[in-house]
Amino acid sequence: MTLNPKDTTLYRGSKGEDDRTYEDTILMLLTSRSNNQRQEIKVEYKKAHGKDLVSALKSELGGLFETLVVALMMPPISYDASQLHKALKGVGTDDDVLIEILASRTCAQIKDIIKVYKKECGGKLEKDITGDTSGNFQKLLIMLLQVNEERRRDKRDTELIAAGKGKVGTDEDKFINILGNRSHEHLRLVFDTYKKVSGNDIEDSIEGATTGNLENLMLAVVKCAKSVPAYFAESLYRSMRRAGTDDQTLMRIMVSRGETDMLDIRAYFKKMYGASLYTTIQVQWASLSSIHSGTIG
């Protein structure tokens, strides 16, 4: 479908159009296009109407639907940066958002997020994280920010595990250093050795040796090293199995992964939970059921 930015479809051109019809139209138009195409639409819309498209949409929308539409209109890196800023500068620190983004993004993405955060959010991401977190949780987050495209491989990692008889609690600092400074490929080798030495999956040992946000962060790094799509499949499932759907997490993952690995997430979700992601979302929150309808089924 071709969108003419001079068309009035993107703003309330017809006073007689009801809210649901208008929202359905907007959702169809925006989710049938790539993020790059949506950025082009914003530029062309301003040329045609002299208005900012996002501001125009916000004036007509509200609630969770407005949040969703604004998220869809943002470039991916800007969206990540905005979510981190919101997590750090809102009422209380949202550790779950920090964990999800910093544990799952590639080195190149982290590098871009740091630049965009400074440009668009007016601060330094590392400084803001340091000011809002503490202890080993802070230490591992900062390590994940210290991007190194060629994260080291060190055979001493497996020697450390053997010496510690596979117990995370034996030397928590060294395990944190490994998780924060090694490639996913190398970490998978470390995890295999850990299981041979201890007889346990490293996730089980982390759960037994740590608690709170540090436990959640270490587990996220481990799970993402094994499979980022599987990690997000689990996160989506959990967001829809709490006491009331976690709408913000559901939206954030659907928006941020829609053009990255949603097909793989869908496959893992089906494999892990025996249900279609599309159907599960439809049941939990009907307004999200059409997001990326071409990739969820």
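Data for the structure
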| item | result |
| --- | --- |
| Bins of 5 Å from zero: percent of alpha-carbon pairs in region 76-145 | 3, 19, 34, 29, 13, 2 |
| Among the listed pairs Lys226/Lys271; Lys139/Lys223; Lys86/Lys139; Lys47/Lys115, those beyond 24 Å (Cα-Cα) | Lys47/Lys115 |
| Distant alpha-carbon pairs in region 231-285 (separation over 16 angstrom), percent | 33 percent |
| Hz values of 3J(HN,Hα) by residue in region 39-48 - Karplus curve (6.51, -1.76, 1.60), Gly and Pro given as x | 5, 5, 4, 4, 5, 5, 5, 5, 4, 6 |
| Rh by Kirkwood over Cα pairs, then Stokes-Einstein D for region 19-73 at 0.692 mPa s and 37 °C, µm²/s | 287 µm²/s |
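Only the coordinates and a few stated rules stand behind these numbers; no lab work does. All of these numbers come straight from a predicted model, not from anything done at the bench.
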